[in-house]
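One structure below.
The values are calculated or read from the model by the stated rules, or taken from the named source; none is laboratory data. In this text, all values refer to a predicted model and were calculated from it rather than measured experimentally. Virtual Cβ from ideal backbone geometry, glycine too; neighbours counted across all protein chains shown.
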Amino acid sequence: MDAVSASEIIKELPKLSDAERQAVLDKLRELAQVDDDRWEEIINDPTPRPKLRAFMEQATAEGSEPLDLNRMKKVIIET
């Protein structure tokens, strides 16, 4: 089976019956839930991450300053 791009799938959606579109929607929801479940596992992981915690506390203390995503990635990688 050849790979199909998202734009090709979107282009074909109007050609599907209501039942087929519903099946596609159900599958997308299922896939999204899998991703949500994985994030829940990550968030609820009890592993201590002192560098990340310190970064988060500092970011919170800084108030309305935006988080530096590059710095955050570095902290996560080092943790």
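Assorted remarks:
- Region 10-53, residues that are in a helix (DSSP H, G or I) and in contact with a helix residue (DSSP H, G or I) (Cβ under 8 Å, 6 or more places away or on another chain): 13, 21, 24, 51, 52
- Residue match in region 55-64 (condition: of a type outside the set (Ser, Thr, Tyr), touching a helix residue (DSSP H, G or I) at 6+ places or on another chain (Cβ under 7 Å) and modelled with pLDDT under 80): no
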